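The values are calculated or read from the model by the stated rules, or taken from the named source; none is laboratory data. Computed from a predicted model, the values in this text were never measured in an experiment. Using ideal geometry, Cβ is built from the backbone for each residue, glycine included, and neighbour counts are taken over all protein chains shown. Please note that ligands, DNA and RNA were not included when accessible areas were found on the heavy atoms of the full protein model with its side chains. Shrake-Rupley method; radii C 1.70, N 1.55, O 1.52, S 1.80 Å.
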Amino acid sequence: IVLKQEERRTIAFENGKTRIQMLVRDFNNKLMQPFINIIEPGGGSDGSYSHAGEEFGIVLQGVLEFHVNGERYVVRKNQSFYFLSEKSHEWFNPSKRKTVVIWVTSPSTF
């Protein structure tokens with residue numbers, strides 16, 4: 001039920017200059033996947049993609065730029081986002097500082 005900070009599993013995506021910290025131990029048989037996404041300056045999704053489900057997040061630090069179905073959105077500290085994952089989307093950190101986002105996908109995607 002409880003996961004301590006030092007117990008979080010971290011996955012690094014070098015191409016996208018981003019890493020995620022899982023906020024639950026195991027995603028098997030779960031309806032959602034919460035994680036912290038830490039995006040270095042210039043980092044991001046490394047291209048556009050889509051998949052089944054929904055996504056929600058809140059920016060804790062920095063700024064995040066999204067393109068969803070060709071529309072541009074800028075999400076700043078303490079702002080949140082929500083969209084259907086089946087829409088083509090990409091995201092990145094356009095700033096010179098790191099961006100930190102609490103992100104939830106449903107269903108789990110990896």
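Summary of computed values
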item	result
Per-region count, the stretch 2-36, residues closer than 18 Å to S108 by Cα and of a type in the set (D, E, K, R)	6
First in the stretch 67-80 and free of Cβ contacts under 8 Å to residues at least 40 places away in the same chain and on the phi > 0 side of the Ramachandran plot, second anywhere and of a type outside the set (D, E) and outside any strand (DSSP E or B), Cβ under 7 Å, 6 or more apart	N69/K87; N69/S88
Which listed residue is modelled with pLDDT of 95 or more, basic (K, R) and open to solvent by 90 Å² or more (accessible area, probe 1.4 Å), from K87, K96	K96
In the stretch 75-110, the residues that are among the hydroxyl-bearing types (S, T, Y), over 11 Å from the mean Cα position of the chain (by Cα) and either within 20 Å of E40 (Cβ to Cβ) or part of a loop (DSSP other than H, G, I, E, B) (or both)	S85, S88, S95, S108, T109
All positions within the stretch 1-58 that are assigned to a loop (DSSP other than H, G, I, E, B), of a type in the set (S, T, N, Q) and loosely packed, with under 11 Cβ neighbours inside 10 Å	N28, N29
